[in-house]
1. Can F30 be described as at pLDDT 85 or above and either surrounded by fewer than 13 Cβ atoms within 10 Å (Cβ to Cβ) or more than 30 Å from the chain's Cα centre (by Cα) (or both)?
2. Would you check if there is a residue in the range 51-63 being surrounded by 15 or more Cβ atoms within 10 Å (Cβ to Cβ), part of a helix (DSSP H, G or I) and among the charged types (D, E, K, R)?
3. Kindly indicate the residue of the range 148-191 that is in contact (Cβ under 8 Å) with a residue 40 or more places away in the chain and open to solvent by 80 Å² or more (accessible area, probe 1.4 Å) and also farthest from the chain's Cα centre (by Cα) among those meeting that condition.
4. Residues that are aliphatic (A, V, I, L, M), farther than 22 Å from H55 by Cα and modelled with pLDDT under 90: which helices (runs of 4 or more DSSP H) entirely in the range 208-283 hold 1 or more of them?
5. Of the conditions (1) within 24 Å of L262 (Cβ to Cβ); (2) open to solvent by 50 Å² or more (accessible area, probe 1.4 Å), P222 fails just one. Which one is it?
6. If a residue must be of a type in the set (F, W, Y) and under 23 Å from F218 (Cα atoms), how many such residues does the range 68-101 contain?
7. Yes or no: V197 closer than 27 Å to D268 by Cβ, of a type outside the set (S, T, Y) and surrounded by 19 or more Cβ atoms within 10 Å (Cβ to Cβ)?
Amino acid sequence: MAFRVPKKLRNASLMIGALITITIILLAIFAPLVATHPIEKMDMTNRFSGPSWQHWLGTDNFGRDLWSRLVFGARISLTIALTAVTISALIGVAVGLIAGYFGGWVDLILMRITDIFLGFPAIVLALAIVAALGPGIMNVSVAIIVVAWTEYARVVRATTLVLREQVYVQAAQSIGASHARILFREILPNALGPIIVLVSIGLGTAILSESALSFLGFGLPPPAPTWGWTLSYGTRFIRDEPWLSIISGSTIMVTVLGFNLLGDGLRDVLDPRQLSRGGSKSK
């Protein structure tokens, strides 16, 4: 019997997003194998060469292979994105769960702190943090964490406010279950759907933020092959060699698009309202 993809998974956004993100992740993991040249090898006699069999995406102003630099740049972008999103999610989920479950003055204090962070323009706050801490993978990650955790906190709080009124939560409270057990055994598992979607979209946002910081000169310093720095340097020659900026910019765009499509597809699959509608139809 032939294998069939479940109907709920036959989602164009999910499939395309998964294909793009898996491809980028595999390229980053196997970068030493798929790169065709050392990323710091210069060939001043072969500057700004267009795409060819020797250099698949051409070379930059120092004659370095652009394909190899973009592949290794994926490692930097994904490392920062995964670090920042993981820590942001942990902080935001914890704040949202506590604020939504306990309510009252706890909710008031935590949400006002969240509002303070939301009051700063995200890119300005990130720039200020990196300028104070200096360049580096961890410092860029910290800057993204500071501006990203608030979204998880607000979404999880709103979800927790709904879930804490459910019968199974009240039943757990009636038998004397501890707050920790209720939060991590009853509420958190039922809030994973929105969290998974936020993480997927947040990875794309983190990659875009890292690229923006590098583009503005606040990310990892050269010769690190970051996508943002490659795009920034390409703009200096955009009139004569536009393909350099087009290729690096398109790499960022396609990667972020892949994570966003994946998040949209997961939202359609994990949305309880979508599942309930599908269940009623099947009956």
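The values are calculated or read from the model by the stated rules, or taken from the named source; none is laboratory data. Predicted model, so just to flag it, every value in this text is computed and none were measured. Here Cβ is always computed from backbone atoms with ideal geometry, including for glycine, and neighbour counts include all displayed protein chains. Surface accessibility is based on the protein's heavy atoms, side chains included, excluding ligands, DNA and RNA. Shrake-Rupley method; radii C 1.70, N 1.55, O 1.52, S 1.80 Å.
1. Details: at pLDDT 85 or above: yes; either surrounded by fewer than 13 Cβ atoms within 10 Å (Cβ to Cβ) or more than 30 Å from the chain's Cα centre (by Cα) (or both): yes.
So F30 fits the description; yes.
2. So far as the range 51-63 goes, no, none of its residues is surrounded by 15 or more Cβ atoms within 10 Å (Cβ to Cβ), part of a helix (DSSP H, G or I) and among the charged types (D, E, K, R).
3. Only one residue fits best here, namely H179.
4. Numbers: elements: 227-234, 242-270, 272-282.
By residue number, 242-270, 272-282.
5. Going through the list (1) within 24 Å of L262 (Cβ to Cβ); (2) open to solvent by 50 Å² or more (accessible area, probe 1.4 Å), P222 breaks only (1).
6. Taking the range 68-101 and keeping what is of a type in the set (F, W, Y), we get 72, 101.
Next cut, under 23 Å from F218 (Cα atoms) only: 72.
Within the range 68-101, residues that are of a type in the set (F, W, Y) and under 23 Å from F218 (Cα atoms) number 1.
7. Values: closer than 27 Å to D268 by Cβ: yes; of a type outside the set (S, T, Y): yes; surrounded by 19 or more Cβ atoms within 10 Å (Cβ to Cβ): yes.
Taking the combined requirement at face value, the residue satisfies it.
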